[in-house]
There are 2 protein chains.
Amino acid sequence: MKDWDLHQSSTAGGFFLLYSTASASAINYAAVFGTMLPSARPLLAAAAVLCFWLLVAVAEAKVHHYTWDISYQLKSPDCFEKLAVTVNGEAPGPTIRATQGDTIVVAVHNKLETENTAIHWHGIRQIDTPWADGVAGVTQCPILPGETFTYQFVVDRPGTYLYHAHYGMQRVAGLNGMIVVTVPDGFVEPFSYDEEHTVLLGDWWHKSVYEQATGLSSNPFVFVTEPQSLLINGRGMFNCSLAPSGTCNASRPDCALPTLFTAVPGKTYLLRIGSLTSLSSLYFEIEGHPMMVVEADGHYVLPFAVRGLFIYSGETYSVLVKADQDPRRNYWAASHVVGRNPSQTPSGMAVVSYAFNGNNPWMPPPTAPPAGPAWNNTAIRVEQSRAIFAHPRYVVPMPARADRTLLLLNTQNRIDGHIKWTINGVSLMFPATPYLVAMKRGMKDAYEQRPPPDMYDHMSHEISAPAPTNGTVGSPVYRLALGSVVDVVLQNSNALNNKTETHPWHLHGHDFWVLGHGEGKFNPAADAWRLLNVRDPIMKNTVPLHPDGWTAVRFRADNPGVWLFHCHVEAHVFMGMGVVFEEGVKRVGRLPSSIMGCGRSKGLH
Amino acid sequence: MKDWDLHQSSTAGGFFLLYSTASASAINYAAVFGTMLPSARPLLAAAAVLCFWLLVAVAEAKVHHYTWDISYQLKSPDCFEKLAVTVNGEAPGPTIRATQGDTIVVAVHNKLETENTAIHWHGIRQIDTPWADGVAGVTQCPILPGETFTYQFVVDRPGTYLYHAHYGMQRVAGLNGMIVVTVPDGFVEPFSYDEEHTVLLGDWWHKSVYEQATGLSSNPFVFVTEPQSLLINGRGMFNCSLAPSGTCNASRPDCALPTLFTAVPGKTYLLRIGSLTSLSSLYFEIEGHPMMVVEADGHYVLPFAVRGLFIYSGETYSVLVKADQDPRRNYWAASHVVGRNPSQTPSGMAVVSYAFNGNNPWMPPPTAPPAGPAWNNTAIRVEQSRAIFAHPRYVVPMPARADRTLLLLNTQNRIDGHIKWTINGVSLMFPATPYLVAMKRGMKDAYEQRPPPDMYDHMSHEISAPAPTNGTVGSPVYRLALGSVVDVVLQNSNALNNKTETHPWHLHGHDFWVLGHGEGKFNPAADAWRLLNVRDPIMKNTVPLHPDGWTAVRFRADNPGVWLFHCHVEAHVFMGMGVVFEEGVKRVGRLPSSIMGCGRSKGLH
């Protein structure tokens, strides 16, 4: 590996982790993460943030109009032919590209025959437009077949974001894509590159989403099984010999091994990586090419190098990759399941081709595809989570203390014979009337008035055993004081099968500071608080809750609206693993009548 | 076969076709139908109808309340495991039983996850309750997941009716059942029997309704294929060796050979037979037991005997069967596809068991199952259609002439690359706002204002060739003068594959008099009118349009509302084969706000 002293000239200097002498095969996580420099200049950082916003204000904002037809199409993303919910005939849908401050207008025409839809713009905070968050049951009525609903919102920060269906488990069926927001002209990012590419990771089932949902809500419970394949930019690898005849065709062009990008020797590439898996936690790697992580969920991070990236559903990362390997061959890119046994799920595969005289860009790499890390090594995944810090020039100052602390325990419970996930004993079920309409209009009988508990019984609850008691199914809301600071400690515990797993939690309408990750049970009265990073925490909108552990986040409830906070595993939120926050709903502007028409919002306008 | 002089004592005498000496194997259609006696006493008939209504008025009407949860469940109706849309967990749903004049109240709770629904009460005219007809897009907005919609209507006539989903092609997924309306106490029907049973016939696919609909709307067009099985009372026979392993289990109890009924020697049974096939025309027979047809679509008919019954989707018939065969064995009941090649669709099978000392009621019949008639013999099917006359004591007097005549030609057209069915050149697509709401509220931009053509170019159009021109997709309405008499002549023509097939047409909100069936092209200026029966036509709500032929019906547009008239083949109406009638919409009472909320009816109440 050649020396690589990328970006030093374009930064304030010193903040980058340089791995000029580290060979890819010798990257040691502890050594890498141990060299990171702390942020020591908060005032400078604040000034940088201010300049950034001034620059945004003077830039000329554009309005981008899209018209999307949502329909079912027969697709073969992994060679097995199956229906997918598509955007203008494609799954994944088109990448939305805009500049910070621009307005996005998407007219969504539902051309499904009997099924509704709603689209969530994942990572966009929807400031002043809480009705455009796209969560059916929370911020809007679903869009009916034959109808057109127009989402309009401002992309107020640069970064990598996602979009996907947010209605039942519909995301499993394929309606998803990426949003890339670039900085305005004249603004310099804290890194540089020659070209950028998007990498959307997913998992894929051959059973329909209807079968999955029916199994989950049946008694006896039927889990969704492990995915049949992992997708990279909508393509996967399924062994057709395992499928019934006539259903799978390995020679279809739409499941050919995809080219991730074509590398010109010496150039540097920014990969905007997002995961919209329905179940799987992933490890993404490019053979022989370490990655420098520079952005997470729309925030610049203190760059750190990884041989491969752990990424959870709902997260995005931007990484820099330098084309510095032998250009006379091509290289594997791969995604692997971690955190669950991957034996039934072949890795997702793609190719990084070198554009070099004498290299055949269509030739598969000569090496065996990389195998990925041990799937059940939780420690290295926690290590990555703990290695992410805000970029020193982009630290968003965090309030020193919280006004309110929520201790949210997930347990799996059997309620009326059905297996549910509960948070502090409550399994969330959306009411027929969207919360936003019900709360703004004061319809008190449209959702559960009794608030859910802020705390669980952390003194006596044993997290390494299944929940001893039953929970309830309901639609309550945490009402947060507008502008207040809220700490949330997510506490994992074992499911009914006595196993513990990863839950990536996603907060709508906000970013949160990631205070920290810990093992075992968080003790609010004891020294667990001392483990938290209050100096340069990264802001994110999605964060993993690791097995047998806890994750603490802080956010300011400063965005009037009603917002979902939930596990991003489709089966889990379907089983009730989420909570709803309301803040300042009276300050929300006049609701568009287009979000109404269902439940008790019939007849409203 | 023993003598059988059924009912002579309970009728006015002479009107029944008696087949006391005909052996089942010797029934000759021409001979049987040739012996029917004409109705010669219209005044007496009118008096009987009047008495009937007076009796109804004095009877004490009941209100029947039902609560139905609509959900997906994994079912194995033909041993192949597949999702079905169920009513309270069952497919078919429960049989609604009521007495003439009763009120039915069904609270439909949609527990599908992302899919809407609407339920049509097939054959119920919905007088004064046009909003309860249950056609999404015509009479109501669909019922959203999580919502409850309450249907309330009066069953004003005795007879055999049906219910089923009427939203997209959702009926294919299993939401269907029967409605049995009996005469009030003290009223004597024109036949008698010892016991009654329901027989619901269907067809069944292993592909999901989503795959079917996607194929139909794709380019290239993919037809739904022939059904994998025929169902009798929700059970069918699929050869599991043809299915991928793990998907089909021939030993499941829910696909065991069903018992149609248990016969006590010498007793007479009324079978209320309904067909809710999605595609198939059927022939239903009981080995060795001829059937006496006594009711069709809720109207008493001049009884006639058949060895087997041709029945089309949307039709109901009541037949009498006498248990007069050797009671030491059991007998096959079977349904067979006719009108389309049945080679890919095994017959539906059930057993009539004899309760007799020495007979094992669980033993399959010792004979080979009956094979049914030649599937492509159109003539014998037309013959049955022509053999149905009103019962002489129940002839509903028909107006002597029509105020308006519609000549409706079906053609298959390629529109924007997609194959559609059109009626006089228009392929019907429901607007996002239900017609009933749009028209009652005068929302002129919510549907197509230009009326569709009353006539096609019958002088030059060649029905035995595919349509020469393109049609259009639209949502126009035939506006009928309230109280006017309308003749409709349905004219069949060849599809793009140059084949002609059967289309059972169903009219909502009315019964029509069946004026006649003819071969070839109906010529309105010539002697085709002379072929029509204006003396004792049967009234029905569903009538077959036979291959290469025409069917003429007359109805009085006396039911204020907006009503669908369409081919009852799910794939065909999905492809546009229907028209909409409006009559006296201004006279419709205040619309319930529960039917609103979609399209431009958002915000209305």
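Computed from the coordinates by the stated procedures, all read-outs in this text should not be read as laboratory data. Note that the structure is predicted; figures quoted are calculated from it, not measured. Don't worry about glycine lacking a Cβ; one is built from the backbone with ideal geometry, like all the others, and counts go over all protein chains shown.
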Final fewest-first order of B:His336, A:His605, A:His503 on the 10 Å Cβ neighbour count is A:His605, B:His336, A:His503
What is the log10 of I(q)/I(0) for the stretch B:222-285, computed with the Debye formula using one identical point scatterer on each Cα and no solvent, at q = 0.22, 0.24, 0.27 Å⁻¹?
-1.12, -1.20, -1.30
Which order do peptides A:223-234, B:463-474, A:88-99 fall in by mean Cβ count within 10 Å, highest first?
A:223-234, A:88-99, B:463-474
Formal net charge of residues neighbouring B:Glu226 (Cβ-Cβ distance under 13 Å; K, R +1; D, E -1):
0
Of A:Arg157, A:Arg171, how do they rank once you tally other Cβ atoms within 10 Å and put the fewest first?
A:Arg157, A:Arg171
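Using Cα pairs under 8 angstrom and six or more residues apart, how large is the relative contact order of the stretch B:270-420, in percent?
This gives 24 percent for the stretch B:270-420.
In the stretch A:462-551, what is the volume of the convex hull around the alpha carbon atoms, normalised per residue and reported in Å³?
Per residue, the Cα convex hull of the stretch A:462-551 comes to 133 Å³.
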Which pairs, out of A:Lys444/B:Lys444; A:Lys111/B:Lys82; B:Lys499/B:Lys521; A:Lys82/B:Lys420; B:Lys75/B:Lys540, put more than 27 Å between their alpha-carbon atoms?
A:Lys444/B:Lys444; B:Lys75/B:Lys540
Quick one: label points 7 angstrom along Cα→Cβ at A:Pro244, distances to the other copies in nm, smallest first?
0.6
Can you compute the helix-only [θ] at 222 nm over chain B? Use -39500 (n - 2.57) per DSSP H run of at least 4 residues, normalise by all residues, nearest 500 deg cm²/dmol.
-2500 deg cm²/dmol
At q = 0.16, 0.23, 0.27 1/Å the base-10 log of I(q)/I(0) from the Debye formula over the alpha-carbon atoms of the stretch A:545-605 is -0.78, -1.10, -1.15
Between the stretch A:252-271 and the stretch B:369-417, what's the alpha-carbon centroid distance in Å?
62 Å
Average Cα contact separation per residue, the stretch A:375-477, under 8 Å, 6 or more apart, as relative contact order %
31 percent
Report the percentage of all Cα-Cα pairs in chain B whose separation exceeds 44 Å, rounded to a whole percent.
14 percent
Cα-projected label distance for B:Lys499 with A:Arg404, points at 7 Å along beta-carbon direction, nm:
6.5 nm
Percent antiparallel among DSSP beta bridges confined to the protein assembly as shown, rounded to 5, stands at 75 percent
Peptides A:126-138, A:321-333 ordered by average Cβ neighbours within 10 Å, highest first:
A:126-138, A:321-333
Calculate the length of the line joining the C-alpha centroid of the stretch A:439-461 to that of the stretch B:143-209, in whole Å.
42 Å
Run through the other copies and list how far each one's label point is from that of A:Val63, in nm with one decimal, shortest first; the point sits 7 Å from Cα along Cα-Cβ.
5.2
Rounded to the nearest 20 debye, what is the charge dipole size of the protein assembly as shown about its Cα centre when +1 sits on each Lys and Arg Cβ and -1 on each Asp and Glu Cβ?
1120 debye
DSSP bridge pairs, chain A: antiparallel proportion in percent, nearest 5
75 percent
If one computes P(r) from the Cα atoms of the protein assembly as shown, what percent of pairs lie at distances over 49 Å?
36 percent
Rg to Rh, two decimals, where the stretch B:491-539 supplies the alpha carbon set and Rh follows Kirkwood
1.02
Counting only backbone N atoms under 19 Å from a point 7 Å out along Cα-to-Cβ of A:Ala355, the residues of the stretch A:183-201 in range are A:193-199
When each copy gets a label point 7 Å from Cα toward the beta-carbon at A:Asn523, what are the spacings between them in nm, shortest first?
10.1
Sort A:Leu515, A:Leu482, A:Leu144 so the one with the fewest other Cβ atoms within 10 Å of its own Cβ comes first.
A:Leu482, A:Leu515, A:Leu144
Cα to Cα, under 17 Å, and not fewer than 8 places away if on the same chain: which aspartates and glutamates meet these conditions relative to A:Lys602?
A:Glu147, A:Asp445, B:Glu147
Which three semi-axes in whole Å describe the equivalent ellipsoid of the stretch A:290-430, each the square root of 5 times a Cα gyration tensor eigenvalue, listed largest first?
38, 25, 12
Just to confirm my numbers, what's the Cα centroid distance between the stretch A:66-110 and the stretch B:545-605 in Å?
34 Å
If you build the Cα gyration tensor of the stretch B:362-414 and take the root of 5 times each eigenvalue, what three semi-axes come out, in whole angstrom, biggest first?
37, 24, 11
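Across peptide B:139-146, how many C-beta atoms of other chains are within 10 Å of each residue C-beta, on average?
Averaged over the peptide's residues, the number is 5.
Run the numbers on chain A and let me know its relative contact order in percent, using alpha-carbon pairs under 8 Å that are six or more apart.
14 percent
Using only the alpha carbons of the stretch B:109-233, what is the convex hull's orientation-averaged projected area in square nanometres?
Details: hull surface 41.7 nm².
Mean projected area of the Cα convex hull: 10.4 nm².
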Listed highest first by mean packing, meaning other Cβ atoms within 10 Å per residue, what order do B:300-308, B:359-367 come in?
B:300-308, B:359-367
